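FYI, it's all coordinate maths here, none of it is from the lab. Because the structure is predicted, anything quoted here is derived from the model rather than measured. Ideal geometry is used to build each Cβ from the backbone, glycine not excepted, and the neighbour counts take in all protein chains shown.
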Amino acid sequence: MFFKHIYDTSLAQGSYLIGCQAKGEAIVIDAKRDVDTYLEIAKENNLKITHITETHIHADFLSGSRELAEITGAQLYLSDEGGADWQYEFPHKGLKHGDKIKVGNLTLEVIHTPGHTPESISFLLTDHPATDEPVMIFTGDFVFVGDIGRPDLLEKAAGITGTQKKGAHEMYRSVQDFSKLPPHLQVWPGHGAGSACGKALGSVPSSTVGYEKIRNWAFRFENDEDGFVEYLLEGQPEPPKYFAMMKKLNKVDRPLLTEVPKHPKLSETEFLQKYTDGIKVIDTRNKVEFAKGFIPGSINIQNNKTLSTWAGWLLNYDEDFVIVAPEEEMDEITRKLMRIGLDRIAGFISDVNLPGIKLEQADVINIDEFKTYLGKEEVQIVDVRGKTEYEEGHVEGAENVFVGTLPQNLDKISRDKQVVIHCQSGDRSAIAYSLLKKYGFNHVKNYSGGMKEWREKGNPVKS
């Protein structure tokens, strides 16, 4: 058996290519959208991708299953569980609980594991030349290492009311069934630490059923369904705004993107025309470089592992935008953005020093200056972290306005007072600073050390 775990650190998302080397056939589970990765792996290992499947209708990334099927001609196998409202709306071979997919000498048995979503399925893998017992389970967003999938996304992100409690109770029953599986069974989940699909995901890539029964909090509520539901729904992070769009695009028929696009480097004249016309400018440079000099109105979303997430919070799917980045980073940036369907890159520039544009500099302050603003009536301290983080501990007097929803909550920020923002360690406050400047807030300072430095230096925290 050939096995490859493909992990996208930008979305903490795992996909899998599993092959029968004797027959030269392979299956891909939960493909990301830049599918050339799977084509290269298959070619290097003399395998042909003949089967493609998914664990559920994803909310956190745009699946590449259809792109991969278009290129390879492989059969697409997708869940037909969950009822009429949870069906994929394009041609596929439907899967029900107990169905089996045969890939050469391998068998993947479908088990219905609702909770995260009604149609969620997992796959029990048997490698028949070695044994007739399952050796792996691919759980998608059902069971993670140390956590389980959240059932509140359909309600919070997609606006489908009444689904989170029902999903939590379904998850309880799925977890009880999971606990009956053989303890040696390897568990390969769809996400790792950093994903918004749970609240306590581990950074270890895989686990076993036995380990999870010892380590995972979800298995401590064997006879307490209400306690399980309460704990599961408590303290989940804010679902990114783009999740609702992913749910839609992964369910309906849509145009396919079978190659990673190449975007043009704009001339000074081309950029200035677009900038004058009001196009959104996303500056992906490091926050320190951005602070030294940035194009007025540009938004600083650094090209790190959270680029996709924050772009998904702050960009609209019906608008063009321009990227500021070194040319050698554009392929990486394009891939990160296409994985959540943000395809409308109108070009890029690498140098912000352009004729006719006077660069601005960010007002970044240290901890000593930050302290001088605390407790003053004429100053507003704004903590731009998530609600749960804020409630667990914040600087006394700080107000909480989450950076992801900042453009919708500008009325909560004073235009008259001195505004001082911070986050955990400076990345999110750099985004927030650029947003506030874009929207005309002139009295803003960024305490970039944030709560990390504040705590490390022994300062008081209010919870």
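Strictly over 21 Å apart at the Cα level, which of K32/K265; K156/K248; K23/K180; K274/K358; K336/K452 would you flag in this model? Violating the 21 Å Cα-Cα cut-off are K32/K265; K23/K180; K336/K452.
Kindly state, to the nearest 0.05, the FRET efficiency for R215 paired with L374, given R0 = 41 Å and r defined as their beta-carbon distance.
Details: r = 41 Å, r/R0 = 0.99.
With a Förster radius of 41 Å, E is 0.50.
In segment 231-279, what trypsin sites (Lys or Arg not before Pro) fall in a loop by DSSP, with at most 13 other Cβ atoms inside 10 Å? Sites meeting the loop and neighbour criteria: K262.
Peptides 53-61, 400-408, 201-209, 419-427 ranked from most to least packed, by the mean per-residue count of other Cβ atoms within 10 Å: 53-61, 419-427, 400-408, 201-209. Amide H to amide H, with H built 1.01 Å from N, G347 comes under 5 Å of I323, counting only residues 5 or more places away or on other chains. When you count the other C-beta atoms within 10 angstrom of each residue and take the mean per peptide, 285-296, 4-15 line up highest first as 4-15, 285-296. When the Cα positions of T276, V229, W86 are compared along the charge dipole of the chain, T276 comes out farthest toward the positive end, with charges on each C-beta of Lys, Arg, Asp and Glu.
Taking Rh as the Kirkwood radius computed over C-alpha pairs, what is the Stokes-Einstein D of the chain at 4 °C in a medium of viscosity 1.567 mPa s, expressed in µm² per second? Walk me through the intermediate numbers first.
On the way: Rh = 23.7 Å.
Value of D from the Cα-based Kirkwood radius: 55 µm²/s.
Applying the Karplus relation 6.51 cos²θ - 1.76 cosθ + 1.60 with θ = phi - 60° to segment 60-66 yields 3J(HN,Hα) values of 9, 7, 8, 5, x, 4, 6 Hz, where x marks Gly and Pro. Given their separation in residues at 0.36 nm each and the Cα-Cα distance between them, E391 and H128 gain 89.6 nm when the chain is fully extended.
Working out 0.36 nm times the residue gap between K156 and Q176, then minus their Cα-Cα distance, what length gain in nm do you get to one decimal? Walk me through the intermediate numbers first.
Working: separation 20, 0.36 × 20 = 7.20 nm, distance 2.55 nm.
This chain segment gains 4.7 nm when fully extended.
Cβ crowding within 10 Å, taken as a proxy for footprinting-reagent exposure, orders S79, S448, S267 from fewest neighbours to most as S267, S448, S79.
The label-point distance for Q408 and N366, in a model that sets each label 7 Å from Cα toward Cβ, rounds to 3.9 nm. Under 5 Å between amide hydrogens, built in the peptide plane, is the criterion, and for K32 it picks out G64 among residues at least 5 positions away or on other chains. Of the trypsin sites (Lys or Arg not before Pro) in segment 331-381, which ones lie in a loop per DSSP and count no more than 13 other C-beta atoms within 10 Å? Answer in residue order: K358, K376.
Along segment 267-278 the Karplus relation, 6.51 cos²θ - 1.76 cosθ + 1.60 evaluated at θ = phi - 60°, assigns HN-Hα couplings of 6, 4, 5, 4, 5, 4, 5, 5, 5, 4, 6, x Hz to successive residues, with x for each Gly and Pro.
In deg cm²/dmol, rounded to 500, what helix-only [θ] at 222 nm does the chain give when every DSSP H run of at least 4 residues adds -39500 (n - 2.57) and the total is split over its residues? Before the final figure, lay out the partial values.
Working: 15 runs with 126 residues, N = 463.
Computed mean residue ellipticity for the chain: -7500 deg cm²/dmol.
Annotation for K417 and L256: the two label points, set 7 Å from Cα along the Cα-Cβ direction, are 5.5 nm apart.
Taking the charge dipole of segment 2-251 about its Cα centre, with +1 at Lys and Arg Cβ atoms and -1 at Asp and Glu Cβ atoms, the residue from G14, G115, G192 reaching farthest to the positive side is G14.
For segment 241-255, putting each phi into the Karplus relation 6.51 cos²θ - 1.76 cosθ + 1.60 with θ = phi - 60° gives couplings of 4, 6, 4, 4, 5, 5, 4, 5, 5, 7, 9, 9, 6, 8, x Hz, in residue order, rounded to whole numbers and with x for Gly and Pro.
Distant-in-sequence amide contacts of Y16, defined by a placed amide H-H separation under 5 Å and a gap of 5 or more residues or a different chain, comprise I6, I29. At full extension, K358 and R455 could sit 31.2 nm farther apart than now, given 0.36 nm per residue minus the alpha carbon distance. If you average the sequence gap of Cα pairs under 8 Å that are 6 or more apart and divide by the length of segment 403-463, what percent do you get for the contact order? This gives 36 percent for segment 403-463. Projecting label points 7 angstrom from Cα along Cα→Cβ for F90 and E327 puts them 3.4 nm apart. The residues K165, K199, when put in order of fewest to most other Cβ atoms within 10 Å, stand as K165, K199.
Return a whole-number percent for the relative contact order of the chain, with Cα pairs under 8 Å and 6 or more residues apart as the contact set. Provide the component values of the computation, followed by the final result.
Numbers: 994 pairs, mean separation 54.2, N = 463.
Value for the chain: 12 percent.
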